[in-house]
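For reference, the structure is listed below as structure tokens.
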Amino acid sequence: MEQYCANTMNEYNFMWWNVENLFDKVNSPNRTEKLERTLKDELKGWTQEILDLKINQLSKIISRVNLSQGPDILGLCEIENRHVLELLAKTIRQQLPSRNYNIVHADTQDKRGIDVAFIYDKKKFDVEKDANSGEDLVFSHFIMKREATRDLLQVNFKTKAGGKRLVLIGNHWPSRSGGQYESEPYRIVAGETLGYFHQRILDVNEKDDDRNTAILAMGDFNDEPFSRSITDYALSTGSLLKVKLADNPRFYNVMWSLMTNSVGTFYFNNSPNLLDQFMISKGIVTKKNFQIKNNSIEIIRFPEMVQGKYEIPLKFGRPAEKLNKKGFSDHFPIAVTLEEIS
């Protein structure tokens, strides 16, 4: 598998991965009794030994991306809590001692307790602080439709090299459980929420950079680039010109370039679905402070991650259902490189 490497001070490699139910061990003190009851069957046999094995499997892949330098920022979903995130970050640091990884995590309202998080290299990025309060500019945006679903995690970063603002938004949209179209309204609400906060980010920073804030949205959207929730509600398109000329804030979905390759990040009935995506704002499309490095968009598929004639992800599973100690996740990760413009 050909890889693209962010190998200079002004290049940044971003990786996104749905790591498939990275739960804490059964009867963990880091879990509420209510959540323990909710996850009861899923947690059967999920011991510290199994958790450690899962983390080691994930870190093997993460440490190999970007030509074995690891990502500069890693976005994650299906992380149960801060404790397992810290264990994962620690293991990656052991394999990549040159990295100084730190974490950003927000405890969300998801009924299964799974969160979105970021691991970032403090040598390359700072989390921006509010000028008045001094607090980190980290926001967990609540998605509601009758009851709480998953949140969006926004982090305002500043590059160490050039002091440029880069806003990241991690997404894990409601699943297709119960049927793709029956569950679609939940993802439409998520798309509206992402679109609203896209607008808010530009409004807040209007005086600073003429509404050209660089925003990189990433996530498991549980819909494809052409789905209504993505195109009509998150306002994401495959047209660079539409993003440049639109009066309302639009995203350019960089995954459109992979749509003709018959590949996916998640497979249902052995058919590929491109559910994991990167989207960029007008500020990156117009190359004001950042630009996408040519040919750097990829689905990470190392040989050991792939199984069967349909080449689907080799999932780790869990002791209660189809555990494979040599597996990783039911999603392939994705990666892209941004270049900072002086």
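Read the figures in this text as sums done on the coordinates, not as results from a lab. Here the structure is a predicted model, which is why all the values come from computation and not from measurement. As a convention, Cβ positions derive from the backbone with ideal geometry for all residues, glycine included, and neighbour counts pool all protein chains shown.
A few points about this structure:
- Computed label-point distance, nm, for sites Asn295 and Asp247 using a 7 Å Cα→Cβ extension: 4.1 nm
- Model label zone, Val263; criterion: amide N under 11 Å from point 7 Å along Cα-to-beta-carbon; scope the range 298-339: 298-302, 333-335
- On full extension, the segment bounded by Leu67 and Val204 gains 45.6 nm, given 0.36 nm per residue less the C-alpha separation.
- A Stokes-Einstein calculation at 20 °C with viscosity 1.002 mPa s, built on the Kirkwood radius of the range 185-341 over Cα pairs, returns a diffusion coefficient of 127 µm²/s.
- Relative pair counts by distance (%), Cα atoms of the range 1-96, 5 Å bins: 2, 12, 22, 21, 15, 11, 7, 5, 3, 1
- Antiparallel DSSP beta bridges within the range 165-305, percent to nearest 5: 55 percent
- As a rough footprinting exposure proxy, the listed residues Trp17, Trp46 were ranked by other beta carbons within 10 Å of their own, and the order from fewest upward is Trp46, Trp17.
- Sorted on the mean count of surrounding Cβ atoms within 10 Å across their residues, most packed first, peptides 175-181, 195-201, 26-32 read 195-201, 26-32, 175-181.
- Put the Cα centre of the range 295-316 next to the Cα centre of the range 81-127 and the gap is 23 Å.
- Annotation for the range 12-44 versus the range 150-183: alpha-carbon center distance of 19 Å.
- Taking the DSSP beta bridges with both ends in the chain, the antiparallel portion is around 80 percent.
- Within-9-Å neighbourhood charge of Glu42 [Cβ basis; K, R +1; D, E -1]: +2
- With R₀ set to 41 Å, the beta-carbon distance separating Ile341 from Glu49 gives a calculated FRET efficiency near 0.30.
- Estimated translational D of the range 208-259 in µm²/s (Stokes, Kirkwood radius over Cα pairs; 10 °C; 1.306 mPa s): 134 µm²/s
- Net charge dipole, the range 11-340: roughly 560 debye, given to the nearest 20, about the Cα centre with Cβ charges of +1 for Lys and Arg and -1 for Asp and Glu.
- Lys/Arg +1, Asp/Glu -1 at C-beta; the chain dipole; positive extreme among Val306, Thr237, Ser140: Val306
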